1. Which residue out of B:Q148, B:Q138 is surrounded by fewer than 19 Cβ atoms within 10 Å (Cβ to Cβ), touching a residue at least 24 places away in the same chain (Cβ under 8 Å) and farther than 22 Å from B:P35 by Cβ?
2. Can you tell me which residue within the stretch A:340-377, out of those that are surrounded by fewer than 21 Cβ atoms within 10 Å (Cβ to Cβ) and among the charged types (D, E, K, R), is nearest to the chain's Cα centre (by Cα)?
3. Hey, any hits in the stretch B:129-141 for a residue that's within 8 Å of chain A (Cβ to nearest Cβ) and of a type outside the set (D, E)?
4. Enumerate the pairs (first residue in the stretch A:146-157 and more than 10 Å from chain B (Cβ to nearest Cβ) and free of Cβ contacts under 8 Å to residues at least 40 places away in the same chain; second residue anywhere and assigned to a helix (DSSP H, G or I) and surrounded by 20 or more Cβ atoms within 10 Å (Cβ to Cβ)) with beta-carbon separation below 9 Å, excluding pairs fewer than 6 apart on the same chain, so at least 6 apart or on different chains.
5. Listed residues A:R432, A:R443; which is among the charged types (D, E, K, R), in contact with a Gly (Cβ under 8 Å, 6 or more places away or on another chain), modelled with pLDDT under 95 and buried (at least 22 other Cβ atoms within 10 Å of the Cβ)?
6. Looking at the stretch A:37-53, which of its residues are surrounded by fewer than 16 Cβ atoms within 10 Å (Cβ to Cβ), of a type outside the set (D, E) and within 11 Å of chain B (Cβ to nearest Cβ)?
7. Counting just the residues of the stretch B:164-180 that are aliphatic (A, V, I, L, M) and out of contact with any His (no Cβ under 7 Å at 6 or more places or on another chain), which one comes out nearest to A:I155 (Cα to Cα)?
8. Taking the stretch A:158-170 only, how many residues are facing chain B (nearest Cβ under 10 Å) and either surrounded by fewer than 22 Cβ atoms within 10 Å (Cβ to Cβ) or within 11 Å of A:I35 (Cα to Cα) (or both)?
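The values are calculated or read from the model by the stated rules, or taken from the named source; none is laboratory data. Computed from a predicted model, the values in this text were never measured in an experiment. Ideal geometry is used to build each Cβ from the backbone, glycine not excepted, and the neighbour counts take in all protein chains shown.
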Amino acid sequence: MTSHPRSLFSKIWDAHFVCARPDGRDIIYMDRHMIHEVHAPRGFETLARDGRAVRRPDLSFAVQDHTVASRLDRTETTNPEGTPFIRAMRAGTVEHGIRLFDIDDPDQGIVHVIAPELGIVLPGATHAVPDSHASTVGGIGAISIGCGTTEMEHILATQTMAISRPKEMRIRLTGELAPHVTAKDVSLHIIGVLGVAGGRGFAIEYAGPVVEAMSIESRLTLCNLSIEGGARTSLVAPDARTIEWIRGRPWAPTGDAWDRAVAYWQGLPSDAGAVFDADLEIDCSALQPQVTWGTDPSQVMGIDDAVPRVEDLPEARRGGYEKALDYMGLRPGERLAGKPVDRVFIGSCTNGRLQDIQAAARVAQGRHVAPGVTALIVPGSTRVRRQAEEMGLAQILTDAGFIWGASGCSMCGGGNGDRGKPQERCVSTTNRNFEGRQGSGVRTHLVSPATAAASAIAGRIADVRDMQGTA
Amino acid sequence: MQKFTIHSGIAAPLLLDNVNTDQIAPSQHGRELKPDYARMLFRRQRFLDDGRENPDFVLNQDRFRHASILVAGANFGCGSSREAGVWTMTAFGIRCIIARSFSDIYRENCLQNGVLPLVLPEEAIAPFEARVLQADGQAPFSVDLEKQVLSGPHGPDIAFQIDPVFKFKLLRGLDDIGLTLSCDVQIREWEERTTRDLPFLQHLHDARLTG
């Protein structure tokens with residue numbers, strides 16, 4: 001019997017296919033469900049109303065991340081908007097027997113950062129979170145899907161999702177990244193190529209030499225932004241680097257179970273000859289550090305470039321152009337490098353891992369944040385925070401004038417009270433530059449951690465490649 | 001979820017178009033943890049500022065006080081996706097809404113809560129609405145979902161169409177979770193098979209706690 005060549009995505013999907021539901025949707029088993037305090041309380045309430053139990057509390061995990069304050073001395077009341085959510089989450093997880101990473105837990109962090117960091121989500125697993133950036137965890141070779149509140153309730157009650165099988169896209173990233181060009185720059189560039197809806201209906205596999213050369217943390221960053229291109233899930237094939245990265249993590253399998261898992265993971269990469277509904281190749285050799293100029297992540301350019309004129313844009317991308325520039329306080333043809341900056345944020349599920357803090361610290365070492373700039377750096381997890389403090393990175397950053405925070409989503413969505421003021425220009429390592437996301441009227445430019453740190457030091461949007469002595 | 005098979009009840013006419021969920025379930029009354037959904041239904045129209053009933057509103061008239069079928073115009077349930085727009089209906093006792101059309105989300109929310117959202121064939125709509133007005137709450141209408149027939153006073157039976165999946169869910173009382181749990185045997189089989197073949201997917205623990 002010859003077996004049909006299959007993709008990484010197909011192998012994992014097929015292994016989790018339970019059956020077709022009477023309405024034709026696939027029932028897909030979710031191995032790991034992680035919920036956060038903004039959506040979980042409503043789910044607990046609905047389950048209670050309908051007299052339903054959580055089917056697999058042992059496969060469910062909960063974390064307080066979206067509304068927790070980032071002050072180092074925070075408590076559950078520091079951000080009063082979050083307090084009722086935090087308390088309802090605590091009560092609900094106790095009632096249902098779900099492991100909660102509470103505000104003061106040494107393993108607390110942004111859900112997408114801790115899911116792989118703790119070895120809870122593994123290669124070859126399926127994973128759902130009621131948050132659109134769930135695709136992050138695809139970086140270790142899992143199918144990781146963002147869901148809505150109603151879908152979250154469905155997963156709590158059934159441990160499955162009823163979902164239509166997406167089409168498959170492969171994006172091969174070729175060439176070699178230049179110094180100071182990071183996974184964040186690659187992912188922004190990809191969205192620039194795809195547009196905000198180019199990935200809609202697709203599961204994306206990132207492949208090719210650039211991906212193979214990336215650290216696991218970079219692969220997580222790469223997969224984080226897929227939803228900004230419209231794709232609900234994205235993933236990278238697990239390789240030897242992935243397996244070494246997972247080994248020894250707290251919830252990862254051990255002993256015989258580990259050996260069996262590794263054997264399974266080694267068979268997951270897409271077979272030669274696997275067919276994709278769309279197959280793209282993007283050469284990354286000439287890529288510069290990227291910066292967004294508009295109000296969606298596809299409105300992005302190299303830091304050496306000028307803000308495009310409307311006629312430079314493809315027909316389909318011209319809608320909202322003037323409104324975006326007006327909001328951002330920019331003119332067509334203007335260069336962004338050199339624009340004064342009010343606020344810098346480094347962190348989030350996109351760029352809140354240790355590697356990101358290290359990149360910022362390398363730029364900040366021996367320098368100081370420019371006068372008038374508020375620069376906040378918030379680790380993506382309490383574990384990252386601890387590591388960065390032990391390694392002296394936090395000291396370097398605070399010596400340089402950065403504010404060092406306690407782990408959470410912080411200024412990414414501003415749900416914890418960290419927001420900018422109207423018209424402030426904010427250089428941010430997050431994933432959304434939507435109008436008002438970081439505070440009413442705040443002008444967000446999405447960049448890599450190195451570019452953000454360089455901009456904080458310069459007080460202007462800066463090209464990290466111009467900074468002397470930055471390795 | 002309550003099954004919907006055959007239902008007989010008084011039909012109340014609310015023959016307006018574009019009734020939105022802010023009217024059906026006003027949001028400022030939705031922020032309590034356990035709101036009184038029956039009282040929330042059409043609250044702004046049903047109750048006067050001093051809290052007394054508005055005698056002009058159809059559901060406040062004695063003959064419609066126990067109505068369980070609501071007859072409405074086009075684009076019923078538009079606006080916010082809030083599910084309270086249907087919870088208020090079920091709390092009041094409405095089991096079936098017959099409208100000229102529904103907003104997509106509202107129709108889904110009806111199906112999640114055992115309420116039959118019914119759209120009659122084009123040519124049957126105006127005569128049916130006239131029959132509801134003529135019946136004036138004095139005699140019940142009856143909906144047989146299995147046979148897909150609506151019957152009542154002052155005219156012939158009306159055959160209606162419904163998506164087979166909607167019908168499947170309502171007849172069995174399955175919301176979306178219930179629909180999935182109708183495959184519970186398969187889910188259990190998957191869990192057993194995976195426990196055997198790929199145990200790390202079904203079982204995990206914090207190794208720090210066990211050493």
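1. Every option except B:Q138 fails the conditions.
2. Looking at residues that are surrounded by fewer than 21 Cβ atoms within 10 Å (Cβ to Cβ) and among the charged types (D, E, K, R), I get A:R362.
3. Scanning the stretch B:129-141, I find no residue that is within 8 Å of chain A (Cβ to nearest Cβ) and of a type outside the set (D, E), so the answer is no.
4. A:C147/A:A134; A:C147/A:H154; A:C147/A:I155
5. A:R432
6. Result: A:A48, A:R49, A:G51.
7. B:L179
8. 0
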